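Chemist: Below: one structure in structure tokens.
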Amino acid sequence: MHKLAKINTPIFWAEGHPGSLKREDWKIEISGSCDNPCILSWQDLQKLPQKTVQARLTSVTRWSVFGAWTGVSMADILDLVKAKDSCTHLRFWSVGMIYDTSIPREIAAKERSLLAWAFDDELLTEDYGGPVRAFTPYLWGYKSAKSIIKIELLDHYIPGFWELRGYTDSGKIEAGPCRDINDGGKLKSIPAGEVKDFV
Ligand SMILES: Nc1nc2c(c(=O)[nH]1)N[C@H]1C(S)=C(S)[C@@H](COP(=O)(O)O)O[C@H]1N2
Ligand SMILES: [Mo]
């Protein structure tokens, strides 16, 4: 069982679970406001510099899970595709093209924003957004789209799946009660902004 499952991390697939996805055939199209649009395969991604960050995924539904997330930094991807100065947001599309969410370029460029494929050294399963998901600990979890197949570089913001249904466009983490998944789901409190520790 995956570590995330063992500690009872909730599995969210608002658009419906995608079923089994083939890691070896995975491709992510990156296009829009850039000079070098490309399609990166699973194999291409594995050749890029790998990064592991200790960080939390924190859901607006008030739970948070901490661990070592591994992947490639979004900053490296922005460099690779030669994002234009006009690019202000990144729009992530999950498999099936129903779920999308957009984040500001400056958040994507931060050190702990990744295209992630592993958690605590285990490859992500479909339940948790494998083969490759967006992961950014700076914003609510709905900004970290799972099983992504496309990234559009935009020159303006577009509200996504949850934003159109009432969650904030900024995705800024708000202070309040929050369950600590790593501690058996114990109710604690988080500060506003990226959650590094409970308060
Ligand atoms: N495609 C897709 N990505 C998604 C979601 C979803 O429903 N569908 N839920 C989001 C929300 S609200 C959260 S908190 C996290 C949860 O990640 P997990 O299901 O891996 O725990 O995924 C985000 N990415
Ligand atoms: Mo969430």
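All of the numbers you see were taken from the coordinates with simple rules; none came from a lab. Note that this is a predicted model, so its numbers are computed, not measured. With ideal geometry, Cβ positions are generated from the backbone for all residues, glycine too; neighbour counts draw on all protein chains shown.
Chemist: Restricting the calculation to Cα positions, tell me the Rg (one decimal) and the Dmax (whole number) of the chain in Å.
Modeler: According to the Cα coordinates of the chain, Rg and Dmax are 15.7, 47 Å.
Chemist: Name the long-range amide H neighbours of E122: under 5 Å, sequence gap of 5 or more, or other chain; modelled H, no Pro or chain starts.
Modeler: none
Chemist: According to the square roots a ≥ b ≥ c of the eigenvalues of the Cα gyration tensor, what is the shape class of segment 3-94, taking rounded for a/c under 1.5, prolate for a/b larger than b/c otherwise, and oblate for the remainder?
Modeler: Verdict is prolate for segment 3-94.
Chemist: So how do K47, K27 line up by other beta-carbon neighbours within 10 Å, fewest first?
Modeler: Ranked by crowding around the Cβ, least crowded first: K47, K27.
Chemist: So how strong a dipole does segment 24-190 carry about its Cα centre when Lys and Arg Cβ are +1 and Asp and Glu Cβ are -1, to the nearest 20 debye?
Modeler: Its charge dipole is roughly 480 debye.
Chemist: If the limit is 18 Å between Cα atoms, which of K47/K84; K6/K186; K82/K146; K51/K110 go over it?
Modeler: From K47/K84; K6/K186; K82/K146; K51/K110, over 18 Å: K47/K84; K82/K146.
Chemist: So, one more: Please give the length that would be gained between A175 and S20 if that part of the chain were fully extended, namely 0.36 nm times their separation in residues minus their C-alpha to C-alpha distance (nm, one decimal).
Modeler: Roughly 52.2 nm would be gained on extension.
Chemist: Just want the ordering: M97, M74, from fewest to most Cβ atoms lying within 10 Å of their own Cβ.
Modeler: If I rank by nearby Cβ atoms, fewest first, I get M97, M74.
Chemist: Right, something else. Straight-line reach from K27: which aspartates and glutamates have a Cα under 13 Å away, not including same-chain ones fewer than 8 places off?
Modeler: Partners found: D44.
Chemist: Evaluate Rg over Rh across segment 107-191, taking Cα atoms for both radii and Kirkwood's formula for Rh.
Modeler: Dividing the radius of gyration by the Kirkwood radius yields 0.98.
Chemist: Would you please name the trypsin sites (Lys or Arg not before Pro) within segment 135-199 that are DSSP coil residues with at most 16 other C-beta atoms within 10 Å of their C-beta?
Modeler: Answer in residue order: K196.
Chemist: Based on alpha-carbon positions alone, could you give the equivalent ellipsoid semi-axes of segment 68-152 from the gyration tensor, as √(5λ), descending, whole Å?
Modeler: 20, 15, 11
Chemist: Counting other beta carbons within 10 Å of each Cβ, put C87, C38 in order, fewest first.
Modeler: Placing the least packed residue first, the sequence is C38, C87.
Chemist: Measure out, as a whole number of angstrom, how far apart the alpha-carbon centroids of segment 174-199 and segment 38-96 sit.
Modeler: 23 Å
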